[in-house]
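Below you'll find the structure, written out as structure tokens, and then a few comments.
A short reminder: the numbers here are calculations on the coordinates, not readings from a lab. All values reported here derive from a predicted model rather than from experimental measurement. Positions of Cβ are generated from backbone atoms using ideal geometry, with glycine treated the same way; all protein chains shown enter the neighbour counts.
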């Protein structure tokens, strides 16, 4: 029966081409607008590190030692810690896993200095690769012994390995970082969080995650003269530190991330963190009440407004627009179907059940929806291309993916059926006798 | 024109009528709110910075040590002033739409966190900067030469400053701000004058009320006032002068690094600062236009269908004496009634949508006058859309009535 209804629907589409075109194009524009907004929204929602970040928490506290250059009020939770505090938190081993990290931007060179590459990376105290789930391709991460001995070791990604050495497996080679030579002990596949999660307080406006090209033990990096990307906040009396300075002893610049698997662990760690901060406050190191708190990755991103409000607003707009298109199409379909009251009445008189009539019309609208979806495909592509051309922080999120294709397909059929339900229901309620008289 | 027969006919097409009305309602809700958002963003973009934007540019260098600042400032000021077309070069810590340098909380008395005024921007400025910015003094006096003190931190420890009128009205409502004092932790300030307008570096990061909460703080070159220079040239020469200045930096001070991103004309900084708002405006206008187009097409489609369906009835009416004008007016009245029904629904919907948006975004309540304007637009759109089909209906000849009855 289905293919018969399909043939009927195709035949009818050919009968009134302008009307069909109007219906199909309206649906296509609505679907495309919605898909464009949804693609961006999807890319910017969900876990920044799938499978890992739901269990990651960042420690925040007011760790200022003296009045800093900025406002004395603690305006919002601050994740930047002094290295000493970060080390203390990591060394306490109170969470399942813990690490302190800071963003760095440094020039990596090969041994003879002929090749070099400007690269972003993380300075870390603790097992950063394990905590963040970085996929190691060759070699190994650094050990605690290497870290405590300030051994000059570094883990790089295949991109840097290719640039400096022309091979992926660069384990055992030497990389110049700052004033020292570092031994490559591991190589990982290119890695970046899906969205920005590190040092959010100072990197407002960055949405997409940074490609991290290397991981290096923090102290060894500082010894070589390579500091964090931004020096964070330095207390009164600290030397004026500039961008990428390694003299950050009096600054708060590093963040502590911990992995906690159960709510009980989260509660315990929260109390441990508050206790630690209070001890520092009571000892007179932290000038202000520390207000220490743990934030889950998602809550931390929301608090720092990583995903711009405009993205949500766009999705709402597109949704409203699609709804409008749907109502419009439903109206047109109702008109289109009602013209055929006569045909339906004859079918009903010849024994077709209401269910048959309903199904027949639903097949027709489903087909129209599908055609709309096919037309929406290039329109969505165009919409995403337009967004990518815009100088917005989330432009990189506007990329077509197979997932998007599947959603688009499902959406267009759903849209076709949804707009058809009301008109089809109206049709199947036609009493046969009266209609035959009219026809 | 009698409404009764129109209503009677509509009752026989309840589904289609309801759908068109719903479409109008949705269009009304989205239209009012989208227009409101456009106007809000537009106001944001129009922010008055209070400075002569078209004549000003900023040049930023970094990578110098604290003990080099006096020498650096002298070399930069002299070197840049020598460039042809340069009207003035002076020191400043931040400009509107550039990076924010001097934001801090201030309070009415020392060390108190209860009597706070709010977070303000301290615009640290060297001699000549007031004139270069083109600020307007509305009360009090300009700083004298002795008021330019060395600042090693946010501001000099005991400064005589000018405040913007907006800040003065907020901190000391109904009083003259002249001679008033305020504190930023241990730094003390006394107000000696009021400037008309001066926007903070990031006007919209601190809420709509505090766009102009700025303290114009005179400071001596050196200390923390170094590395950022305000260039003034005539508007048509400015791009060339800025290019020349950027090129001259390596010769004037070989060991510093030019901050490319923050060495631009204020106009460019402004465009950059508001780019996302501009994109949003374009997008919203696009949505409004497409939405109106879709709605109009829907009305045309349905009206055409109704005209076709009623050809015979139209013919009969013509045959028994209705004029073309009567037929035309019938369809126009019908459309007017449906659209009116939609608008009534749409107004409620528009308000609901506005309330929803208000809970999620910092958005004021939708002003009431948007609703009648939206209604007028939709009535106009409906009449325009139905005109074509209605004219076709009016052209139906009476002879149709005699066929196949």
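Here are some notes:
- Label-point separation, residue A:406 to residue B:74 (7 Å along Cα→Cβ), nm: 7.0
- What the Cβ-Cβ distance of residue B:205 and residue B:340 gives, at R0 = 35 Å and to the nearest 0.05, is a FRET efficiency of 0.20.
- Shape box of the stretch A:1-133 [Cα atoms, principal axes, largest first, Å]: 79, 50, 34
- Where Rh is the Kirkwood radius over Cα pairs, Rg/Rh for the protein assembly as shown: 1.07
- Using bins of 10 Å that start at zero, the share of Cα-Cα pairs per bin across the stretch B:213-269 amounts to 18, 45, 34, 4, in whole %.
- Relative to the current alpha-carbon distance between residue A:14 and residue A:168, full extension at 0.36 nm per residue lengthens the span by 49.6 nm.
- Length gained when the stretch residue A:278-residue A:93 is fully extended (0.36 nm per residue, less Cα-Cα span): 64.8 nm
- With 10 Å bins from 0: P(r) over the stretch B:67-125, alpha-carbon pairs, percent: 19, 30, 28, 16, 7, 0
- Hydrodynamic radius (Kirkwood) for chain B, which is based on Cα pairs only, to one decimal in Å: 25.8
- Residue A:299-residue B:356 FRET efficiency (beta carbon distance; Förster radius 22 Å; 0.05 resolution): 0.45
- Ranked for footprinting exposure by Cβ neighbours inside 10 Å, fewest first, A:142, B:379, A:385 give A:385, B:379, A:142.
- Once you reduce the stretch B:2-60 and the stretch A:141-165 to the center of their Cα atoms, the two points are 57 Å from each other.
- When the alpha-carbon atoms of the stretch B:93-224 are used, the pair Rg, Dmax equals 13.2, 37 angstrom.
- Axis angle, to the nearest 10 degrees, between helix A:263-282 and the longest C-alpha principal axis of chain A: 40 degrees.
- Plainly put, the stretch A:81-139 has a radius of gyration that is 1.08 times its Kirkwood radius, both from alpha-carbon atoms, as the Rg/Rh ratio.
- Evaluated over the stretch B:271-370, the Cα radius of gyration and Dmax, each in Å: 20.7, 68
- Column: log10 I(q)/I(0), Debye, Cα scatterers of chain A, q = 0.07, 0.09, 0.11, 0.14 Å⁻¹: -0.52, -0.71, -0.87, -1.19
- With the convex hull of its Cα atoms as the shape, the stretch A:259-352 has an orientation-averaged projected area of 13.0 nm².
- Using the Cβ-Cβ distance between residue B:316 and residue A:381 with R0 set to 35 Å, the FRET efficiency from 1/(1 + (r/R0)^6) comes to roughly 0.10.
- The label-point distance for residue A:3 and residue B:158, in a model that sets each label 7 Å from Cα toward Cβ, rounds to 9.8 nm.
- Taking all Cα pairs closer than 8 Å and separated by 6 or more residues, the relative contact order of chain A comes to 25 percent.
- Relative to the longest principal axis of the Cα atoms of chain B, helix B:275-309 runs at roughly 0 degrees.
- Computed from Cα atoms, the angle from the helix B:14-45 axis to the main principal axis of chain B rounds to 20 degrees.
- Neighbour counting of Cβ atoms within 10 Å sorts the residues A:188, B:64, fewest neighbours leading, into B:64, A:188.
- Listed from fewest to most Cβ neighbours within 10 Å, the set A:167, B:281 follows the order A:167, B:281.
- Per-residue [θ]222 nm for chain B (sum of -39500 (n - 2.57) over DSSP H runs n ≥ 4, rounded to 500): -16000 deg cm²/dmol
- Ellipticity at 222 nm from helices only: DSSP H runs of n ≥ 4 in chain A, each -39500 (n - 2.57), divided by the residue count, give -15500 deg cm²/dmol.
- Counting only Cα atoms, the stretch B:152-302 measures 75, 52, 28 Å along its principal axes, largest extent leading.
- Values of log10 I(q)/I(0), in the order q = 0.13, 0.14 Å⁻¹, for the stretch A:53-303 under a Debye, Cα-only, solvent-free model: -0.79, -0.91
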